[in-house]
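Down below is the structure, laid out as structure tokens.
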Amino acid sequence: MSSTTGNHEHSNSTRRPFQFGLRALLLAMACLSVLFSVMSLVGPMWSTILVWFLVLVAAHVVGNSWGSRRWPADRTLPAEADELAGAQSLRFASGSCPNVPATQLCEATKLGWMMPLAAGSGAVLGGAIGVGFLLWLGFEQVGYAGITVGGCSAAVVGGLAGFLASSFVSVARGAWQEAVETGPATTRGPQN
């Protein structure tokens, strides 16, 4: 076993579980008390918005902390993986598999003009459909605030759908062009 693998196992075995003290508990209780008092003042709608915003911030902080702690441990590969990769490269170099060119799908590409156009068109179309549907429900039931929030939400979903659709089409077109340019795959083994 290599030294990097030993260090990795040693660091995992000595890592303590998440712990907190009395000071952290009292600070959390004080923050929750302030939060609940603000929520009682602003009403249910703004309380929901405030809680969702705080949950979003907390999720980003926890994810960032978790990712920065996990990243150095996952970057090192054990020696067995290096030996396996070396054996596979020798097998491919010996000629048992055909030489296949690397694809360009893993390379970073620019967005171009099509994706922002598709995202903008999707946002406009989604917003128009959302506002139209809310108006169809009845302006008296929905009101200005409901139409504004619903139209913005529908515009965001439409923009995301437009971006995803154009991204899918772009990747599929690139893969198709690459497959057509490389031609048919070579057969393995000797031909009779």
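Before moving on, here are some points about what is shown:
- Relative to the current alpha-carbon distance between Leu35 and Val156, full extension at 0.36 nm per residue lengthens the span by 40.7 nm.
- Its Cα gyration tensor gives segment 110-182 an equivalent ellipsoid; the semi-axes, largest first and in whole Å, are 36, 10, 7.
A short reminder: the numbers here are calculations on the coordinates, not readings from a lab. This one's a predicted model, so the numbers in the text were calculated from it and none came from an experiment.
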